[in-house]
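Below you'll find the structure, written out as structure tokens, and then a few comments.
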Amino acid sequence: MTRLSIAVRGLVTTLAALLAVTAAPATVQAKTDPKAPKDFVALRTVDPTIIQEMRYFTPHNFVGERIDGYRQPLCILTRPAAEALHKAQRQLLRHGYSLKVYDCYRPQRAVDHFVRWAKDLDDQAMKDEFYPNVDKTRLFLDGYIAEKSGHSRGSTMDLTIVRLPAKPTRPYVPGEPLVPCYAPQDERYPDNSLDMGTGFDCFDTLSHTLDPRIQGEQRANRLLLKSTLEALGFVNLAEEWWHYTYKSEPYPDTYFDFPVSSKSLTKH
């Protein structure tokens, strides 16, 4: 066999191999979402009486759209945090009140969504309600947005107190006129919460838990939430009256990214 025929045969073999690879069906790797550790629970399985109004599943938040990672309007927490909330709820129920959670475990992908939004200075659709007095260029500097959140560790929640029987809250209508989050309670977006002086997620110093401008019934309501939760091992973030972390959190240094969904809690 001549050198030329050997070379031709080799070329034919190579081409045949390439054609075989091209013709073979591509194997698509299905991307699977991470799962929660076994000690994460849906709050409703520990205390079904706590009201849940999961704001980041809805467009009524400072971004103006559902946040990445929120696939169900579901409060997920580590079991110790959920059980401590249950104890707080039992105390409040005796006095005709209920807890209401706005947010619980928050996946890292949601935090990333907040960061992307904060860097987009042209998107100010929800400014008139949530940050009317804050220049968007200062959201990172002033601490309103950060690249990590304690919520992603699973033992932090945003919550308030509701007087029973709870009045229903109407759904938010995208595009409706926005009212500053620090306006009088009967003027701002309706919420069945006790009057805490501002709405939830109000980017303003008036949201500081002990801001001296908040007095009377509004201050008493904040202190009721604070004293009830602190007695059971929670710590308040001084800049946000609604933000509490269970002090003995089981994952103080771990930030999770599983979606907010009951599927994330399946056995594995």
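When peptides 210-216, 142-148, 57-63, 235-241 are sorted by average Cβ neighbour count within 10 Å, with the highest value leading, the order is 57-63, 235-241, 142-148, 210-216.
The alpha-carbon of Lys247 sits under 19 angstrom from the alpha-carbons of these lysines, leaving out residues fewer than 8 places away in its chain: Lys87, Lys148, Lys226. Of the DSSP H helices in the chain, those with a Cα length along their own long axis of 27 Å or more and a mean Kyte-Doolittle hydropathy reaching 0.0 comprise 3-23.
Taking each DSSP H run with n ≥ 4 as -39500 (n - 2.57) and averaging over every residue of the chain yields -8000 deg cm²/dmol at 222 nm. For a straight C-alpha distance cut-off of 16 angstrom, the lysines reachable from Lys136 (same-chain residues fewer than eight places away being disregarded) are Lys119, Lys127. The value of relative contact order for the chain, using C-alpha pairs under 8 Å at least six residues apart, is 25 percent.
Just grab the label-to-label distance for Val173 and Thr137, each label 7 Å out from Cα along the Cβ direction, in nm (one decimal). Placing both labels 7 Å along Cα→Cβ, they lie 3.6 nm apart.
Highest average first, the peptides 189-196, 115-122 ordered by how many other beta carbon atoms sit within 10 Å of their residues are 189-196, 115-122. Per-residue Karplus couplings for segment 201-211, computed as 6.51 cos²θ - 1.76 cosθ + 1.60 with θ equal to phi - 60°, are listed in order as 6, 7, 7, 7, 5, 5, 7, 4, 3, 10, 4 Hz, Gly and Pro entered as x.
The order of Lys136, Lys31, Lys167, going from fewest to most other C-beta atoms within 10 Å of their C-beta, is Lys31, Lys167, Lys136. The stretch between Glu239 and Arg90, if pulled fully straight at 0.36 nm per residue, gains 51.0 nm over its current Cα-Cα span.
Charge dipole of the chain (Cα centre as origin; +1 on each Lys and Arg Cβ, -1 on each Asp and Glu Cβ, all else neutral): 1300 debye, rounded to the nearest 20. One decimal place: the segment Ala183-Lys226 gains 13.2 nm when fully extended, by the rule 0.36 nm per residue minus the C-alpha distance.
A short reminder: the numbers here are calculations on the coordinates, not readings from a lab. All values reported here derive from a predicted model rather than from experimental measurement. Every residue, glycine as well, gets a Cβ built from its backbone with ideal geometry; the counts of neighbours run over all protein chains shown.
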